[in-house]
Ligand SMILES: *Cc1c(COP(=O)(O)O)cnc(C)c1O
């Protein structure tokens, strides 16, 4: 089976499993798990931030951040393609009682002026703008990477206007692979950063939320309320440490394979357009006369699995368990299949 549905489908390698089995553990709700503490210290050092907290999912880290940064009746600004808005079950409104101002950016990326133009005036009619959220890479934008200078300009507006700045960095390491900016550059300007270990990094579970000591203290309280306090979770944190130590450099391979798939797709008659491939996500639009379910079924018959991600839109994602042999078969099948 060639599974290109997501980079979350990877299974732990033997090396990762060995690291998990030999982990030292304790009750993390008491702060006693040495492996969780090591992972949290490792990521905060890497980003030059004060503190971090290990959580089960990226949805939880994003939702905790939104709740800590806001009060009910506030408004946050993000792009219309944001995961926090589309794919987190309406959590912004449900968990935090916060309204959302949606921007229409370029595949998820917007400018500092978009923020300035959408901050509400201090007038009782309007919700109070308090939080800006950026997603890098942007999932629904097809793995688009932000220009770090634009992010810095946005951070300047936030500082001037007293707004908090959150980064949904589920795939931040994919962005870092393609950018000159370093983790500490991000740590320097964001109030909070969420990072997933279970996407391109290949861990079976886990996300990290980074911020100041004061922010993480509040985040621990909210994690408990959300039911995310975990006990001997060092077995899972060990997978995260292993991922950070072994699986960052290889992300470039995923990006190179995605580029090769892109160049194949660009020559196929049944494909109308392909989003420019920047990282490990490939999004393309089928010609309007080709039925999406028919396309999916034909690929499944050849043992290739991809997903529909919008009207006539298909998504493929390269990852740790997708190798060169699979790449070759995928290209061969895409070239031969007739519609
Ligand atoms: C996957 C993802 C998340 C978090 O998802 P979980 O499945 O809850 O871990 C958050 N943001 C983006 C952009 C993602 O792709």
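Derivation of every value follows stated rules applied to the coordinates shown; laboratory data play no part. All figures in this text were calculated on a predicted structure; none of them were measured in a lab. With ideal geometry, Cβ positions are generated from the backbone for all residues, glycine too; neighbour counts draw on all protein chains shown.
Odds and ends about this structure:
- Computed over the chain, the P(r) curve from all C-alpha pair distances, binned at 10 Å from the origin, holds 6, 25, 31, 24, 12, 2, 0 percent per bin.
- The stretch between residue 339 and residue 288 holds 17.1 nm of extra length on full extension. This uses 0.36 nm per residue minus the Cα-Cα distance.
- The average projected area of region 1-102, computed from the convex hull of its Cα atoms over all directions, is 9.5 nm².
- Segment residue 113-residue 41, extension gain: residue separation times 0.36 nm, minus the distance between their alpha carbons: 22.4 nm
- Note: relative contact order over region 14-246, using C-alpha pairs below 8 Å and six or more positions apart, is 32 percent.
- Stretching residue 221 away from residue 325 to a fully extended chain increases their span by 32.7 nm, per 0.36 nm per residue minus the current alpha-carbon distance.
- Highest-fluctuation residue, 251, 299, 76 considered, GNM on the chain with Cα pairs under 10 Å: 299
- Equivalent ellipsoid dimensions for region 47-128 as semi-axes, Å, which come from the Cα gyration tensor, largest first: 22, 17, 14
- Residues 80, 109, sorted so that the one with the fewest Cβ neighbours within 10 Å comes first: 80, 109
- Region 87-204 - convex hull of the alpha-carbon atoms, volume per residue in Å³: 117
- The sum of -39500 (n - 2.57) across all DSSP H runs of n ≥ 4, divided by the residue count of the chain, sets its helix-only mean residue ellipticity at 222 nm to -12000 deg cm²/dmol.
- For the peptides 272-278, 143-149, 224-230, the ranking by packing is 143-149, 272-278, 224-230, with the highest mean count of neighbouring Cβ atoms within 10 Å listed first.
- Listed from fewest to most Cβ neighbours within 10 Å, the set 330, 35 follows the order 330, 35.
- Largest-first principal axis extents of the Cα set of region 192-243 (Å): 29, 23, 16
- Length, then width, then depth: along the principal axes, the Cα atoms of region 237-329 run 48, 25, 23 Å.
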